Amino acid sequence: MNKVSEKYEKRTIVIKGMVAAVKGDPHVPIIKFVELKGDDQTVVKCRFGSSDQESKLPDKYKAGDAAIFVGELTRVEKGRFVVGPCYPAQSSDPPGKK
């Protein structure tokens with residue numbers, strides 16, 4: 001287990017970054033991910049829930065948008081952090097506002 005896993009796994013964290021892509025889960029299409037740009041070696045995947053309301057949240061974002069999410073770090077792998085379920089953090093700015 002690496003140091004990030006030891007310190008943060010299963011904890012609620014706040015993630016701020018630039019949206020790289022919005023993708024669906026290939027195994028469960030109703031679940032969507034927002035991928036945030038990492039450091040060229042790591043991708044942060046924010047997974048959204050499958051409820052009707054939660055599954056529509058990622059559609060509000062597009063590549064290049066600034067975003068802030070709150071969620072639980074559920075998996076740390078080489079080159080990928082998975083956070084989920086994710087929720088948009090409260091902000092006075094709409095998605096994409098820089």
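Taken together, the values in this text are just the output of simple stated rules run on the coordinates, not laboratory data. What you see is a predicted model; the values in this text were computed from it and never measured. When we count neighbours, we look across all protein chains shown, and the Cβ atoms used for this are built from the backbone with ideal geometry, even at glycine.
Among the listed pairs 10/56; 7/56; 32/62; 45/78; 3/45; 7/37, which have their C-alpha atoms separated by more than 23 angstrom in this model?
Over 23 Å Cα-Cα: 10/56; 7/56.
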Residue separation times 0.36 nm, minus the C-alpha to C-alpha distance between residue 18 and residue 62: what's the value? 14.9 nm
Defining a contact as two alpha carbons under 8 Å apart and six or more residues distant in sequence, what relative contact order in percent does region 3-88 show? 35
For residue 42 and residue 87, compute 0.36 nm times the residue count separating them, minus their Cα-Cα distance, and round to one decimal in nm. 14.1 nm
Label point distance in nm, residue 72-residue 6, each placed 7 Å from Cα along Cα→Cβ: 2.3
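With the Cα gyration tensor of region 3-88 in hand, convert its eigenvalues to equivalent ellipsoid semi-axes via √(5λ) and list them largest first in whole Å.
Ellipsoid semi-axes (Å, largest first): 19, 15, 12.
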